[in-house]
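The values are calculated or read from the model by the stated rules, or taken from the named source; none is laboratory data. These figures come from a predicted structure and were not determined experimentally. Here the Cβ is made from the backbone with ideal geometry for all residues, glycine too, and neighbour counts use every protein chain on show.
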């Protein structure tokens with residue numbers, strides 16, 4: 001298979017800064033100025049931040065707007081299989097030719113200056129969004145918010161902050177309040193902010209910052225009923241019955257609700273606010289891979305026992321583990337076995353603790369090509385310390401199936417989790 005030209009360009013761009021993550025706005029502001037400030041010539045922007053759920057919320061929001069007939073640009077990260085997933089132009093993934101042209105353009109104008117990979121590729125994305133007509137840009141932060149490279153939009157149409165929990169503490173702070181302060185940085189004076197349900201500590205920080213800068217908070221919505229066929233959304237004194245969101249898990253009711261409020265409140269030209277039929281169509285058509293995704297083809301699917309589901313999730317923090325555990329608690333009876341790979345900056349034992357009551361057997365695996373990953377033996381030991389037994393250390397997916405199926409010959413589901421990087425490797429062979 002021929003290697004895409006964009007891979008070589010992206011590899012070069014990854015060498016322009018000695019650190020993978022170095023949060024700052026100075027470098028991207030400098031480059032955007034050299035590029036003619038394309039970020040100032042965009043369709044209306046909805047800027048999203050949060051620890052969990054921002055990708056799913058963006059997926060619902062895109063689906064609602066596209067159901068309404070709008071042309072939607074999206075900016076997301078990280079990608080799972082191909083970098084092109086990060087830049088969607090008017091509903092379509094960016095083409096290889098356009099991506100290469102944009103990357104080479106920003107590379108030449110940057111002229112070897114230090115800049116992180118995320119910053120220079122975000123600049124290329126802004127350039128793309130400024131050149132292709134659309135009705136709205138859905139812009140997801142990369143890490144944090146306040147000094148994230150996406151936070152150069154002075155006057156978005158709306159900001160959205162999804163639930164905040166502990167994650168990336170080495171960069172954002174070691175408390176919920178510190179992390180919430182970083183996320184709150186996307187708020188702008190006079191620009192409404194849709195706030196998903198938060199812990200008290202997060203809400204207090206976000207509300208205080210909103211008050212300090214004059215950003216009106218939109219919090220007057222709640223999911224008041226959850227059913228097998230849908231949910232009820234209350235907005236102030238009105239209630240609306242809505243169908244089941246496309247993505248599995250109770251947490252998706254909140255993500256879908258947050259997207260619905262955002263779609264109604266953003267004030268996007270040419271759309272006063274999607275009607276109930278459009279909203280319903282959108283949330284049932286949304287797609288966001290590696291979120292409790294049932295895989296149906298590929299070598300691992302072929303190796304599954306009869307009537308056994310293969311499910312993939314890229315969740316990697318404690319809040320993600322809790323929603324996966326909740327989902328497992330609501331599934332039909334039957335054993336669940338887990339295959340997990342995880343980066344070594346994550347607390348594997350803490351992640352596994354809420355999952356332990358629902359897991360029959362466990363196998364830790366490496367993440368191929370990722371040197372900053374927990375060893376399979378470390379993951380095995382974390383599983384045992386969390387109360388999961390038997391637990392094994394294995395050198396890959398296929399190797400993991402043998403001891404798992406020996407310990408549990410007829411599982412109801414095999415769940416692969418722990419890392420978006422690992423999820424991407426699985427999807428590359430199973431999509």
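Looking at this structure, is residue 144 crowded, with 18+ Cβ neighbours inside 10 Å, on the phi > 0 side of the Ramachandran plot and not in a helix (DSSP H, G or I)? The answer is yes for residue 144. Only one of the numbered conditions (1) in contact with a strand residue (DSSP E or B) (Cβ under 6 Å, 6 or more places away or on another chain); (2) assigned to a loop (DSSP other than H, G, I, E, B) is not met by residue 294, and that is (2). Apart from one condition, residue 149 fits all of (1) in contact with a strand residue (DSSP E or B) (Cβ under 9 Å, 6 or more places away or on another chain); (2) surrounded by 24 or more Cβ atoms within 10 Å (Cβ to Cβ); (3) outside any helix (DSSP H, G or I); the exception is (1). When 267, 273 are screened for being under 19 Å from residue 243 (Cβ atoms), at pLDDT below 95 and either in the same structural domain as residue 43 (by TED's automatic domain parsing) or touching a strand residue (DSSP E or B) at 6+ places or on another chain (Cβ under 7 Å) (or both), only 273 passes. State whether the residues of segment 370-386 include one that is in contact (Cβ under 8 Å) with a residue 40 or more places away in the chain, under 23 Å from the mean Cα position of the chain (by Cα) and within 19 Å of residue 311 (Cβ to Cβ). Scanning segment 370-386 turns up no residue that is in contact (Cβ under 8 Å) with a residue 40 or more places away in the chain, under 23 Å from the mean Cα position of the chain (by Cα) and within 19 Å of residue 311 (Cβ to Cβ).
Taking segment 1-73 and the helices (runs of 4 or more DSSP H) fully enclosed by it, the elements with 2 or more residues that are over 21 Å from residue 246 (Cβ atoms) are at 5-13, 26-34.
Scanning segment 241-272 for residues that are over 20 Å from the mean Cα position of the chain (by Cα) and surrounded by fewer than 17 Cβ atoms within 10 Å (Cβ to Cβ), we see that the one that is nearest to residue 327 (Cα to Cα) is 243.
Between 284, 278, the distinction of being in a helix (DSSP H, G or I) and closer than 22 Å to residue 157 by Cα belongs to 278 only. Is it the case that residue 197 is touching a strand residue (DSSP E or B) at 6+ places or on another chain (Cβ under 8 Å), in the same structural domain as residue 125 (by TED's automatic domain parsing), under 30 Å from residue 30 (Cβ atoms) and part of a loop (DSSP other than H, G, I, E, B)? No; evaluated as a whole, the condition is false for this residue. Checking each residue in segment 152-190 for being surrounded by 22 or more Cβ atoms within 10 Å (Cβ to Cβ) and assigned to a loop (DSSP other than H, G, I, E, B) picks out 156, 162, 163, 164, 186, 187. With respect to residue 36, is the statement that it is over 26 Å from residue 181 (Cα atoms) and at pLDDT below 95 true? Criteria not met by residue 36.
Listed by position, the helices (runs of 4 or more DSSP H) contained in segment 343-431 that have at least 2 residues being in contact with a helix residue (DSSP H, G or I) (Cβ under 8 Å, 6 or more places away or on another chain), assigned by TED's automatic domain parsing to the domain that holds residue 302 and more than 28 Å from residue 288 (Cα to Cα) are 376-385.
Picking from 112, 144, 91, which residue would you name as being in contact (Cβ under 8 Å) with a residue 24 or more places away in the chain and closer than 30 Å to residue 203 by Cβ? Criteria check complete, one pass: 144. Answer with yes or no whether residue 128 is surrounded by 24 or more Cβ atoms within 10 Å (Cβ to Cβ), in contact with a helix residue (DSSP H, G or I) (Cβ under 7 Å, 6 or more places away or on another chain), assigned by TED's automatic domain parsing to the domain that holds residue 65 and at pLDDT 95 or above. No, not satisfied. Here residue 321 meets each of (1) assigned to a loop (DSSP other than H, G, I, E, B); (2) closer than 18 Å to residue 423 by Cα; (3) touching a strand residue (DSSP E or B) at 6+ places or on another chain (Cβ under 9 Å) with one exception, condition (1).
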